[in-house]
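First up is the structure itself, then whatever we jot down about it.
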């Protein structure tokens with residue numbers, strides 16, 4: 001039970017990071033001097049939440065998922081009918097998260113260093129970065145669901 005509960009903050013912080021990035025995109029699309037402060041706050045929220053998700057997910061991966069024991073989630077998936085849920089989704093997730101982390105660092109740098117409401121190019125850049133975080137983040141959430149389904153399918157004997 002504890003193992004399952006400890007995955008929740010990873011997912012929750014990831015969702016919060018996605019929502020903050022969506023908030024940045026909305027603020028940038030309607031940018032003015034009046035909402036620049038909110039945009040800064042949302043960009044920092046994006047970074048903090050995605051880093052928390054990354055750190056908790058990394059801890060969980062090392063402690064529970066990737067350990068070389070017969071009852072780790074990885075070994076359960078690889079012994080079951082949905083091996084591809086690890087070989088494709090987890091392997092992809094392990095590499096794509098780097099882009100999310102880098103973009104989450106870039107977003108507040110762009111927002112804080114440039115008055116987004118003054119230059120159209122900066123506003124568009126901010127929106128593109130934020131929406132890329134949203135799309136990649138939603139992909140990560142979906143990939144995580146497929147990995148979880150791989151564990152369930154193995155534990156249920158492929159039924």
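The values are calculated or read from the model by the stated rules, or taken from the named source; none is laboratory data. Bear in mind the structure is a predicted one, so any value in this text is a computation, not a measurement. Quick reminder, even Gly has a Cβ in these numbers, built from the backbone with ideal geometry, and neighbours come from all protein chains shown.
Please work out which one of (1) surrounded by fewer than 17 Cβ atoms within 10 Å (Cβ to Cβ); (2) closer than 22 Å to residue 117 by Cβ is the condition residue 12 fails and give its number.
(2)
Given the structure, is residue 50 in a helix (DSSP H, G or I), out of contact with any helix residue (DSSP H, G or I) (no Cβ under 7 Å at 6 or more places or on another chain) and modelled with pLDDT of 95 or more?
No: the conditions fail for residue 50.
Determine, yes or no, whether residue 55 is surrounded by 13 or more Cβ atoms within 10 Å (Cβ to Cβ), assigned to a helix (DSSP H, G or I), free of Cβ contacts under 8 Å to residues at least 24 places away in the same chain and within 18 Å of the chain's Cα centre (by Cα).
For residue 55, the condition - surrounded by 13 or more Cβ atoms within 10 Å (Cβ to Cβ), assigned to a helix (DSSP H, G or I), free of Cβ contacts under 8 Å to residues at least 24 places away in the same chain and within 18 Å of the chain's Cα centre (by Cα) - is met.
May I ask you to say which residue of 138, 125 is surrounded by 13 or more Cβ atoms within 10 Å (Cβ to Cβ) and within 14 Å of residue 20 (Cα to Cα)?
Criteria check complete, one pass: 138.
What are the residues in the range 18-34 that are surrounded by 17 or more Cβ atoms within 10 Å (Cβ to Cβ) and within 18 Å of residue 112 (Cα to Cα), if any?
Of everything in the range 18-34, those that are surrounded by 17 or more Cβ atoms within 10 Å (Cβ to Cβ) and within 18 Å of residue 112 (Cα to Cα) turn out to be 20, 21, 22, 23, 24, 25, 27, 28, 31.
Consider the range 102-121. How many of its residues are surrounded by 15 or more Cβ atoms within 10 Å (Cβ to Cβ) and modelled with pLDDT under 95?
Residues meeting the conditions: 3.
Restricting to the range 36-52, name every residue that is touching a residue at least 40 places away in the same chain (Cβ under 8 Å) and either farther than 23 Å from residue 64 by Cα or surrounded by 18 or more Cβ atoms within 10 Å (Cβ to Cβ) (or both). Write out each step before concluding.
Our first condition is that a residue be touching a residue at least 40 places away in the same chain (Cβ under 8 Å); within the range 36-52, this holds for 36, 39-40, 43-44, 46-47, 50-52.
36, 39, 40, 43, 44, 46, 47, 50 - these are the residues of the range 36-52 that are touching a residue at least 40 places away in the same chain (Cβ under 8 Å) and either farther than 23 Å from residue 64 by Cα or surrounded by 18 or more Cβ atoms within 10 Å (Cβ to Cβ) (or both).
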